């Protein structure tokens, strides 16, 4: 069974949201994210930070444009970078690949092709 990473749900405003991590996915990847040290301000919820990060990469928006509903953009950015340094995202990739492999949903024979076209600016 394919791991459904995101739920499509209607938020409080009635707008459809595609950046809510499914409970099934969080059960698999959630334990990979370390808890924050309990110094200073209360930390943001790890799941919310992951959802904010997913939103940022899905939209391609700058970190400063992460919606306030997720929390302070700078805190989210710092958590993302800290988790990069700790290798957490690589572990998430490994875990989701293993989950898909185990359920028969991963095809390692796939090929990704990329074409680069130079664009000349005239002007």
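Here are the numbers:
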read-out: Where labels lie 7 Å past Cα in the beta-carbon direction, separation of residue 54 and residue 107 in nm; value: 2.4 nm
read-out: The range 6-102 shape via C-alpha gyration tensor axes, a/c threshold 1.5; value: oblate
read-out: Net lengthening on full extension, residue 41/residue 100 (0.36 nm per residue, minus Cα-Cα); value: 17.5 nm
read-out: Calculated FRET efficiency for the pair residue 114/residue 27, C-beta based, R₀ 30 Å, to 0.05; value: 0.35
read-out: FRET efficiency for residue 69 and residue 90, using Cβ-Cβ distance with R0 set to 25 Å, rounded to 0.05; value: 0.35
read-out: Mean separation of Cα contacts under 8 Å, 6 or more apart, over the residue count of the range 6-102: relative contact order %; value: 23 percent
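None of the figures in this text is laboratory data; all of them are computed from the coordinates on show. This structure is a prediction, so every number in the text was calculated from the model and none was measured. Quick reminder, even Gly has a Cβ in these numbers, built from the backbone with ideal geometry, and neighbours come from all protein chains shown.
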